[in-house]
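The values are calculated or read from the model by the stated rules, or taken from the named source; none is laboratory data. Just so it is clear, the structure is predicted and the values come from calculations on it, not from any experiment. Ideal geometry is used to build each Cβ from the backbone, glycine not excepted, and the neighbour counts take in all protein chains shown.
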Amino acid sequence: MTDVDSSDGLMKPIRPEQLDPGAVIAQSLDNQWVPAQLTRQMIERGESLDQVGRLRRQEVRAEYFRSLINAGQVVINRAYFYNNDAINCDLVEQGESRTAHQRLLASGAIVPFLLGERHPAEEPPDRLHVRRDGFTAWQETLEGLPATDRVRCVRMSWDDSADDHENRESTRLRLFQPFAEKVQGLTAKDIDVLAAQTGVAREDADRFGRRLGEVVAFSNDLRVSRRPVVRNALYEEFVTVPGTNVAEGRYDRSKPFAAQIKQLLDLVYNVNLADALGRYPLTPGDSLRRVVLQEAREARAATGFVEDPEHLLTFLRRHAFAAVQDRLTPAAVNALTLQDIWRLRQTSVWNEYVRAFGALTAAPDTFDERVGQVFDRYVGLNSEILRLARERERARPAPWRPVVEVVVTVGAAVFTAVSGSDLWEVAGSVLPLTVSGSLTGSVQLVLRNRIAGRQEQRFAREIASVRLASEREWTQFHDLVRRLPGYRDASGPAPTGTASATTQDNEDLPEY
C-alpha cells in the first residue's frame, strides 16, 4: 500500500497534514506516563509500574476517555493499542466495547500513528516488547471491521521505495533529531525557573542545574559517537534502576533528581511527537506543561502569539456565566464504558461543544465573546454525560460546581483566574527574575469542577502562546494584573509547571 489517496481494503493512509486541525496527542497514553505525585511515591517506595498498575490504569483510563470526550480526533501510537491495558482492555473483552472501538477507528476519532510499519496489523519487530494477548486482540479488532470501513493511519511518509527511504529520513528529521535538540537545549534554559517549575527547592537549583548538565553531556556523547539520543538510553543512565528493563518502570531513588528528569524527558518526548505531526499535545493533570521548556516557538499560523500586555490581560478579567442547573457530575468518567463515549460523540450536544471549543482555539483573540459559549456547551455536555452515567451503577454522582480557569504563564510567573456562575478569583505567584530579553509563556484554558476530583470530566488545553518583548512589557502586564479587583499574591512554595494536561537503535527505526 503506497498511494496515500487510496486504501488497501482496511487502511486509509494519511499524512500528518491530513489530520483534523484540532487533533490531539494524549500524553497519558505513553507507556511511561505516571502522574507526578505517583512518580514520587514510586521512587520513595521502590515500586514498579506493575506494582502501581491498578491505580495508574484508572488514571490512564480517565485521561483516555477525557481525550475522546474533549477532542474530535486523537492520535495514538500503534504500540499502545496492544501494550496499554487502559486501551486494550476494550479489545480483549470483545462485545460492545470492541465494537465501540471499531466504530471510533472507522469514524477517524482514533487514528493510529505508524512509525516504520506500513499496516496497522503488521507484526512488531522481535526486539520490541509486545503483550501477545493484547496484539492478538488488536489484530482481531481490525479483522472484525465491516468490509466497507477504513482505518485512517498516519505516517510521516508513504513513499514506495524499497528501503522506505523517504519515511526514514522524514522521521529522523521531524522526530528523532528534534528530540535530541530539545534534550541538549535543557541547560540553555533559565535553570532557576526550570527548577521551580519542576518542583526543585530553591536551595537545590544549582545542583539540579549541574545534573541537567550531565544529561546534556551524555546526550552529546551519544550524538558524536553516532548513537541515537532516545528516551530509553537517557532513562537507563539517569532514571531507572541499573540492570532493570526500562519497561518495568523501576525508578532509582539514588539517582539525583530522577523524578524531575523523568518528567522533563517525558514532556519532551510527547510534545516532540505532537510537533512532528503538527498538532496539539494533550497534557494530563499533575504533569509538566509545555511552558516549562521555555521555548521561543514559532507561532502557529492559526493562532500566533499574544504580545500586547493589555490583550494578555483580557484572559484574566472576570467573565459572567449563566447559572448552572445541574449540581452533579459523574465522580469518575472512567466508570463509563467506551460504548458510552461512542454514544456521547453521536449527540448534537457533543458536536456543539467541540465546535465551540474549536472556534475559540482557532481565534483566541475572540476569547471575550466565545468563552461564555464554550462554558454553556460544557455544562450541556456534563448533563449528557450524567445521563449516560446514571445508566451505569458504578458511575456514582458527585457534587458539581463548574468553573472556567485561565492559567497565564510568563517566564517564572503563573497567574490564575477562576470564574463560575457565583465565583471570581484571581491570583498570581511570581518568582524573582531578571529579564534580559523576551519572555515566553502560554495561556491555558481549563474546564473543571471547582470541587476537584481526580477522575472527573475536565479538560485543559493551551489556547495561545505568549511572547513579551522586554522587561518593559513584562512590568506593564504585571502592574495591570495587580490592579484587577480582588487580585491576591499567592503564598506558599514557588509555582510549578504542572498541568491542572525512542528506545533502541539498529538498522530499523527505533521505537518511539
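Which is farther than 12 Å from Val111 by Cα, under 20 Å from the mean Cα position of the chain (by Cα), at pLDDT 90 or above and not hydrophobic (A, V, I, L, M, F, W, C), of Asn31, Asn70, Asn77?
Every option except Asn70 fails the conditions.
All but one of (1) in a helix (DSSP H, G or I); (2) touching an Asp or Glu at 6+ places or on another chain (Cβ under 8 Å) hold for Ser48; state the number of the condition that does not hold.
(1)
Here are some conditions: (1) under 28 Å from Val154 (Cβ atoms); (2) in a helix (DSSP H, G or I); (3) out of contact with any Lys or Arg (no Cβ under 8 Å at 6 or more places or on another chain). Leu265 meets all but one. Which one does it not meet?
If we test Leu265 against (1) under 28 Å from Val154 (Cβ atoms); (2) in a helix (DSSP H, G or I); (3) out of contact with any Lys or Arg (no Cβ under 8 Å at 6 or more places or on another chain), just (3) comes out false.
Under 6 Å by Cβ, and 6 or more places apart or on different chains, what pairs join a residue from segment 316-345 that is of a type in the set (Lys, Arg) with one that is surrounded by fewer than 18 Cβ atoms within 10 Å (Cβ to Cβ) and modelled with pLDDT of 80 or more?
Arg318/Trp424
Could you list all residues from segment 135-158 that are closer than 20 Å to Lys12 by Cα and assigned to a helix (DSSP H, G or I)? Step through it out loud before you land on a result.
Our first condition is that a residue be closer than 20 Å to Lys12 by Cα; within segment 135-158, this holds for 138-158.
Result: Trp138, Gln139, Glu140, Thr141, Leu142, Glu143.
Would segment 500-509 turn up any residue that is within 17 Å of Leu316 (Cα to Cα) and modelled with pLDDT of 80 or more?
No; the residues of segment 500-509 include none that is within 17 Å of Leu316 (Cα to Cα) and modelled with pLDDT of 80 or more.
Can you give me the ranges of the helices (runs of 4 or more DSSP H) entirely in segment 65-134 with at least 2 residues that are surrounded by 17 or more Cβ atoms within 10 Å (Cβ to Cβ) and assigned by the TED database to the domain that holds Arg345?
Numbers: elements: 78-83, 85-93, 95-107.
Of the helices (runs of 4 or more DSSP H) lying wholly inside segment 65-134, none has at least 2 residues that are surrounded by 17 or more Cβ atoms within 10 Å (Cβ to Cβ) and assigned by the TED database to the domain that holds Arg345.
Condition first: in contact with a helix residue (DSSP H, G or I) (Cβ under 6 Å, 6 or more places away or on another chain) and either assigned by the TED database to the domain that holds Arg40 or surrounded by fewer than 18 Cβ atoms within 10 Å (Cβ to Cβ) (or both). Now tell me which residues in segment 166-183 satisfy that.
Pro178
Are there any pairs, at least 6 apart or on different chains, whose C-beta atoms fall under 8 Å, with the first in segment 388-409 and at pLDDT 80 or above and the second in a loop (DSSP other than H, G, I, E, B) and among the aromatic types (Phe, Trp, Tyr), and if so, which?
Partner pairs satisfying both residue conditions: Val404/Phe321.
Being outside any helix (DSSP H, G or I) and basic (Lys, Arg) is the requirement here; does Arg227 meet it?
Criteria met by Arg227.
Could you list, in sequence order, the residues of segment 250-272 that are of a type in the set (Lys, Arg) and within 22 Å of Thr283 (Cα to Cα)?
The initial filter retains those residues of segment 250-272 that are of a type in the set (Lys, Arg), namely 250, 253, 255, 262.
The one that is of a type in the set (Lys, Arg) and within 22 Å of Thr283 (Cα to Cα): Lys262.
Looking at Ser442, Ser436, Ser429, which is the one that is polar (S, T, N, Q), at pLDDT below 85 and surrounded by 16 or more Cβ atoms within 10 Å (Cβ to Cβ)?
None of the others qualify; the one that does is Ser429.
Of all residues in segment 153-193, count the ones that are more than 22 Å from Leu273 (Cα to Cα) and within 22 Å of the chain's Cα centre (by Cα). Give the steps one after another, and end with the answer.
Within segment 153-193, the subset more than 22 Å from Leu273 (Cα to Cα) is 160-163, 190-193.
When the remaining residues are screened for being within 22 Å of the chain's Cα centre (by Cα), the result is 193.
Going through segment 153-193 one residue at a time, the tally reaches 1.
With the condition being among the polar types (S, T, N, Q), I'd like the strands (runs of 3 or more DSSP E) fully within segment 341-443 carrying at least 2 qualifying residues.
Ranges flagged: 413-420.
State the number of residues belonging to segment 161-215 that are assigned to a loop (DSSP other than H, G, I, E, B) and of a type in the set (Val, Ile, Thr).
2
Among Pro21, Pro13, which is in contact with a Cys (Cβ under 8 Å, 6 or more places away or on another chain), under 27 Å from Arg118 (Cβ atoms) and either not in a loop (DSSP other than H, G, I, E, B) or not assigned by the TED database to the domain that holds Ala258 (or both)? So that I can check it myself, show each step before the final result.
On the way: Pro21 fails: in contact with a Cys (Cβ under 8 Å, 6 or more places away or on another chain).
Pro13 is the lone residue from the list that is in contact with a Cys (Cβ under 8 Å, 6 or more places away or on another chain), under 27 Å from Arg118 (Cβ atoms) and either not in a loop (DSSP other than H, G, I, E, B) or not assigned by the TED database to the domain that holds Ala258 (or both).
How many residues does segment 222-257 contain that are under 23 Å from the mean Cα position of the chain (by Cα) and modelled with pLDDT under 90?
Selection size over segment 222-257: 3.
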